[in-house]
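The values are calculated or read from the model by the stated rules, or taken from the named source; none is laboratory data. Keep in mind the model is a prediction, meaning the values are calculated, not measured. All Cβ positions, even for glycine, are placed from backbone atoms using ideal geometry, and neighbour counts span all protein chains on display.
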Amino acid sequence: MPRKRVAILISGRGSNMSALIEAAKEQSFPAEIVVVIANRPDAGGLVSARAAGIATAVVDHTAFAKDREGFERALQAAIEAHAADIVCLAGFMRLLTPSFVNRWQGRLINIHPALLPAFKGLDTHEHALKSGTRIHGASVHFVVPEMDSGPIIAQAAVPVLDGDTPAALAARVLAVEHRIYPLALRLLAEGRVRTVGNRCVIDGAPGADNTLLNPPEKT
Ligand code: GRF
């Protein structure tokens, strides 16, 4: 089967982007990264992408003040120029319009640093700490017009520890982000992700029968 062609959209340092690039170096990985597109010319991830030999493009949103459609047309053109089949948002900090999102329905995914549907939006680690939750994590989901709301493909949980700061918690979450994003992209590129309503069904995934407890029980 030909590998799926993937465009990654970033705004910043691009550590998730690098995790995807790294995973796709494996010939057996079912997707290849064909372009990294940033909406900011100073996005750190552009440097890492170029160093990895990946084509890059910048679609600077500030050049499209009050013209969201013009911005998205330019974005679409950059994606089409590389004939991408799948678009991965990886720390891409612009909201996309329903028209763009619907055009890419089922082929546009995002990583969010929380266990959705908890803690949508920004500052998830601060919100998790304030809430008192003992378990936090990350989610990879299909993008739908409503922010941080599409069907969830993969999630990973981490414990919240006594004395955690937002930065300490963010680092623990980021480590699992780098594991689930390549996993979710692989499942999607292999055609193993079906959606039933707002739920993803993963073909061939083993049933989970274990329970994660935090704090763990003493045995
Ligand atoms: C990650 O925490 C991601 O979940 C969120 O923004 C952050 C981007 O980090 N959407 P990076 O640019 O991938 O390092």
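For segment 154-164, the condition of being touching a residue at least 24 places away in the same chain (Cβ under 8 Å), on the phi < 0 side of the Ramachandran plot and touching a Cys at 6+ places or on another chain (Cβ under 9 Å) holds for at least one residue. When residues in segment 53-99 are screened for being away from the ligand (no atom under 16 Å from the Cβ), farther than 23 Å from ALA24 by Cβ and in a loop (DSSP other than H, G, I, E, B), 5 of them pass.
For first residues located in segment 3-16 and closer than 19 Å to VAL176 by Cα and touching a residue at least 60 places away in the same chain (Cβ under 8 Å), partners that are more than 6 Å from the ligand (Cβ to nearest atom) and charged (D, E, K, R) and lie 6+ apart or on another chain with Cβ distances below 9 Å form the pairs ILE10/ARG40; GLY12/ARG40. In segment 179-196, the residues that are over 19 Å from ILE8 (Cα atoms) reach residues that are of a type in the set (Gly, Ala, Ser) and surrounded by fewer than 20 Cβ atoms within 10 Å (Cβ to Cβ) with C-beta atoms within less than 7 angstrom, at least six apart or across chains, in these pairs: ARG192/GLY204. For ALA189, state whether it is more than 18 Å from ALA138 (Cβ to Cβ), small (Gly, Ala, Ser), touching a strand residue (DSSP E or B) at 6+ places or on another chain (Cβ under 9 Å) and modelled with pLDDT of 95 or more. Considered against the rule, which asks whether it is more than 18 Å from ALA138 (Cβ to Cβ), small (Gly, Ala, Ser), touching a strand residue (DSSP E or B) at 6+ places or on another chain (Cβ under 9 Å) and modelled with pLDDT of 95 or more, ALA189 comes out as yes. One residue stands out among those in segment 119-148 that are surrounded by fewer than 22 Cβ atoms within 10 Å (Cβ to Cβ) and touching a strand residue (DSSP E or B) at 6+ places or on another chain (Cβ under 8 Å): the one that is farthest from GLY197 (Cα to Cα), which is ARG134.
Considering VAL173, VAL201, VAL140, which residue is within 11 Å of the ligand (Cβ to nearest atom), farther than 25 Å from GLN76 by Cβ, modelled with pLDDT of 95 or more and of a type in the set (Val, Ile, Thr)? Break it down stepwise before answering.
On the way: VAL201 fails: within 11 Å of the ligand (Cβ to nearest atom); VAL140 fails: farther than 25 Å from GLN76 by Cβ.
None of the others qualify; the one that does is VAL173.
With respect to the conditions (1) outside any helix (DSSP H, G or I); (2) within 12 Å of the ligand (Cβ to nearest atom), MET17 lacks only one, and its number is (1).
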